[in-house]
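The values are calculated or read from the model by the stated rules, or taken from the named source; none is laboratory data. Small disclaimer: the values here were computed from a predicted structure and weren't measured. With ideal geometry, Cβ positions are generated from the backbone for all residues, glycine too; neighbour counts draw on all protein chains shown.
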Amino acid sequence: MFLSVSSLATAPPGSPNEMSNLTMSAPTPTSQTSALTPAPNDNAVAPAVTAPAFDVRNLSIWYGEKQAIKNISIEIPAKTVTAIIGPSGCGKSTFLRCLNRMHELVPHTRVDGEILFHGENLYRPGSDPAMARRRIGMVFQKSNPFPTMSIEENVLVGLRLNGVRDRHILNERLERSLRMAALWDEVKNDLKKPGMSISGGQQQRLCIARAIAVEPEVLLMDEPCSALDPIATARVEELIRELRTRYTIVIVTHNMQQASRVSDKTAFFYVGELIEFGDTAQIFSSPRERKTEDYITGRFG
Ligand SMILES: Nc1ncnc2c1ncn2[C@@H]1O[C@H](COP(=O)(O)OP(=O)(O)OP(=O)(O)O)[C@@H](O)[C@H]1O
Ligand SMILES: [Mg+2]
C-alpha cells in the first residue's frame, strides 16, 4: 500500500533465493466460544464484506510425481485473518508458498489451476514473481535474518532495495516496524549489532519487522510463533489483531487456541485437500465435517 519494496521476503532459510520476497495484511476475529476450543477473540469485529484478496481455483501442486495439493478452491477474504490448520504434511506450507510464488524457488514443482490476486491471475504469463512477492510478504517458521546485516539493516533492506534513501523516513519506519513486531524495547540500543546476535525468538520478531517494514498488502505467516515464548507469542498475536484492519493475513498454525484467538476464517487441510473452510467460530464450535472435528479435538494429527 505504500512504497513497493523490491523483493526481500523472508525466504526459508537455505532456500535458493533468500532475498526474494516479503509482505503482509490483516483481518478480523470471531465470536462465540466453543466447547472444543479455548476462549475466542473478545475483540472480534465482523469483517466487512469485500472482494476476496485471493480467489484460488482448482489448485493442484506437485513435487515431482508427488501431489501435495489436490484441486483446492478457496476464496481468501481481504483485510481478514485466515488460519490454515491441518496435520503435518497436509500441504499448508506448500499452499502458502504458492500464494506469493515462493514455491517456484523449490525445484521440480508444478502448479495447475488459477490463483487470482485481487482479480488478476498471479501466474499469468510474463508476470513478475518478484512483484507478487513485494505485495505479498511472508514470514517463515524458522527465522532467517540476513546473516551479514545488522538489526537495522535487516529491517530496512526492503526499503533500501526499493530506493528509499531519506534518513528520516528510514528511521521512522525502522522504529515503527520494530515496535509493531514487539521488539523495539529490546533492541533499540543495539540496532547496529548483527541480526544474528539476538535470541531465536527475537530473530523471528526481527523477520516480522522486516516483512512489515515494506508495508505489503498481504502477510503470509507460516507458524510464526512456533519458536516464541508465550509472551512473545501474545505480542505477535496482538500485532496480527492490530494489522487485521489494514492487511490480509494468512497464518498457518498448529496451535488451535491461536487459530481461534486470531483468525476470522479457518481452513482445514487434510492430505492435500481442503476439507472445510468457514468462519472460525463455526469451525471450532460446530464443524460440518467429521475429520475437522476429530482434528480440532485432538483425536488425530
Ligand atoms: N521440497 C519438497 N520436495 C518434495 N516434497 C515436498 C517438499 N516440500 C514438501 N513436500 C511434501 O509435500 C507435502 C506437503 O508438505 P508441506 O510442507 O506443505 O506440509 P505442511 O502441512 O506444511 O506440514 P508441517 O505442518 O509439517 O509444516 C508433504 O508430503 C511433504 O513431504
Ligand atoms: Mg509447514
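At a glance:
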read-out: Residues satisfying the stated conditions in the range 60-88, i.e. free of Cβ contacts under 8 Å to residues at least 40 places away in the same chain and within 16 Å of ligand 2 (Cβ to nearest atom); value: Lys66
read-out: The range 50-78, subset farther than 24 Å from Ser263 by Cβ and charged (D, E, K, R), residue surrounded by the most Cβ atoms within 10 Å (Cβ to Cβ); value: Lys66
read-out: The range 96-119, residues that are within 7 Å of ligand 1 (Cβ to nearest atom) and modelled with pLDDT of 95 or more; value: none
read-out: Criterion violated by Arg57 - all others in (1) within 16 Å of ligand 2 (Cβ to nearest atom); (2) at pLDDT 95 or above; (3) not in a helix (DSSP H, G or I) satisfied; value: (1)
read-out: Residue check, Ala232 surrounded by 16 or more Cβ atoms within 10 Å (Cβ to Cβ) and away from ligand 2 (no atom under 16 Å from the Cβ); value: yes
